[in-house]
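A quick write-up on the structure given underneath.
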Amino acid sequence: MQRFLLVTLLALSLLVSACGGGIKGDPARGEALYKQANIGPNNAPGCITCHSLEPGEVKVGPSHAGLATRAGEIIRDPGHTGEAETAEEYLRESIVNPNAYVEKGFAPGVMYQKFGEDLTEEEIADLVAFMMTLK
C-alpha cells in the first residue's frame, strides 16, 4: 500500500511538472531572461532578438507590446489550434509549441522550436510571468 501511494504521488508530481503547474514565475527574472541575446544550453535566440517591446515595431516576429492583453484574445481566435484556455497558458504554449497559433502575416516554423526542451520549467514560468506584465 505504501509503495502504491509513493508511485501515485510520484506520477502526479510528474504530471503537474509536465503541465507547468505549480511553478510561480518571477517577472523580474523573466524580464532578464527575455532580454538576453541567447538563452538555453543551445544558445537559442533570446526573445528580444526577434520581438520588440515597442508598439508596432516588427523584427522577425510580432511586437510583444500589449502581449498579455492579446493573449487573452488569441485563445478565442478560430486560428488557435492549441489547448490553452487562459492568457498564461497561451503564453506558455507559444513558447513550447510556437506553431499552435501563428499571428497573421507571419510564417509557421520561423520561431525557434525547441524552447520547451532547452529551458527549464522555472525559466518558462519566469518568461510567462514577465510577458503577463505586457498589457
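Only the coordinates and a few stated rules stand behind these numbers; no lab work does. Model, not experiment: these values are computed from the prediction. We place every Cβ from the backbone using ideal geometry, glycine too, and count neighbours over all the protein chains shown.
With a cap of 16 neighbouring Cβ atoms within 10 Å, and only residues DSSP puts in a loop, list the trypsin sites (Lys or Arg not before Pro) found in region 30-77. If you can, show how the numbers build up before the last one.
Numbers: sites: 35, 59, 70, 76; in loops: 35, 59, 76.
Sites meeting the loop and neighbour criteria: 35, 59, 76.
Straight distance only, please: which aspartates and glutamates reach the Cα of residue 59 with their own Cα at less than 17 Å, same-chain residues fewer than 8 apart left out?
103
For region 85-97, take each phi angle, set θ = phi - 60°, evaluate the Karplus expression 6.51 cos²θ - 1.76 cosθ + 1.60, and give the result in whole Hz per residue in order, putting x for glycine and proline.
Result, rounded to whole Hz: 10, 10, 4, 4, 4, 5, 4, 5, 4, 5, 7, 8, 9.
Going by amide H atoms built from the backbone, whose H comes under 5 Å of the H on residue 64, apart from near neighbours?
52, 53, 54
With a cut-off of at most 15 other beta carbons within 10 Å, and DSSP calling the residue loop, which chymotrypsin sites (Phe, Trp or Tyr not before Pro) in region 83-134 qualify? Please list them.
Answer by residue number: 106.
Starting from the amide H of residue 44, placed 1.01 Å from N in the peptide plane, find each other amide H under 5 Å away whose residue is 5 or more places distant or on another chain.
Distant-sequence amide H within range of residue 44: 39.
With θ set to phi - 60° and the Karplus curve 6.51 cos²θ - 1.76 cosθ + 1.60, what are the ³J(HN,Hα) couplings of region 101-110 in order, to the nearest whole Hz, using x for Gly and Pro?
8, 10, 4, 4, x, 10, 9, x, x, 6
Which value, to two decimals, describes the C-alpha radius of gyration of region 24-131 once divided by 2.2 N^0.38 Å? Can you show the working numbers first?
On the way: Rg = 12.7 Å, N = 108, 2.2 N^0.38 = 13.0 Å.
Against the empirical 2.2 N^0.38 Å value, I get 0.97 for region 24-131.
Considering only the other residues whose Cβ falls under 9 Å of the Cβ of residue 39, what net charge follows from Lys and Arg at +1 and Asp and Glu at -1?
-2
Treating the beta-carbon of each Lys and Arg as +1 and of each Asp and Glu as -1, no other charges, what is the dipole magnitude of region 26-125 about its Cα centre, to the nearest 20 debye? Walk me through the numbers before you get to the answer.
Numbers: 8 positive and 17 negative charges, 82 e Å.
It comes to approximately 400 debye.
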